[in-house]
Every structure is written in C-alpha cells, then in structure tokens.
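What follows is a single structure, written as structure tokens, with notes after it.
The values are calculated or read from the model by the stated rules, or taken from the named source; none is laboratory data. Bear in mind the structure is a predicted one, so any value in this text is a computation, not a measurement. Using ideal geometry, Cβ is built from the backbone for each residue, glycine included, and neighbour counts are taken over all protein chains shown.
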Amino acid sequence: MHEQKNNPLHGLTLEAIVTRLVEHYGWDALGQLISIRCFQSDPSVKSSLKFLRKTPWAREKVEQLYLSTDFS
C-alpha cells in the first residue's frame, strides 16, 4: 500500500470534499468558481460525483479549490 505522507487529501473522499465545498460556498458560487455544468444546472452531490469521477481535469479543479479554501 502507498504511503500518503505528502498528500493533504489523504483520507478524504470525493463526496466529503464536494459536500464541504457546497456547505461553504453554495451551489451558485461553486458554479462560478468552477465552471462545470454539474455545479450550474440542477446541481446535486450525486450528479457531481458521477461527473467528477470520470473527468480528471474537473476533479483536479475541485481538489485544488478545496485545498485553497480557508474553512475556518
């Protein structure tokens, strides 16, 4: 098994990341920050996860936003 010492997202599921971002920003702001249809048109966590799991560039944008967000 790979060690994940330098991975700040280790232990976080994609669902947890999306849910936390939605709680922090809301769908409207999230759709403006990351311009992808699953955040802008009838958004839901389920539909977003489906899209992000098969679209690496979009997932990377979501992960980068999560890492750059100050949740405090």
Open item on the list: Any residue that is surrounded by fewer than 17 Cβ atoms within 10 Å (Cβ to Cβ), free of Cβ contacts under 8 Å to residues at least 24 places away in the same chain and assigned to a helix (DSSP H, G or I) - is there at least one of those in region 62-70?
Closed with: yes
Task: Candidates Gln32, Gln64, Gln4 - the one that is at negative phi and at pLDDT below 95 - done: Gln4
Task: Of all residues making up region 1-53, the number that are surrounded by 14 or more Cβ atoms within 10 Å (Cβ to Cβ), in a loop (DSSP other than H, G, I, E, B) and of a type in the set (Ser, Thr, Tyr) - done: 0
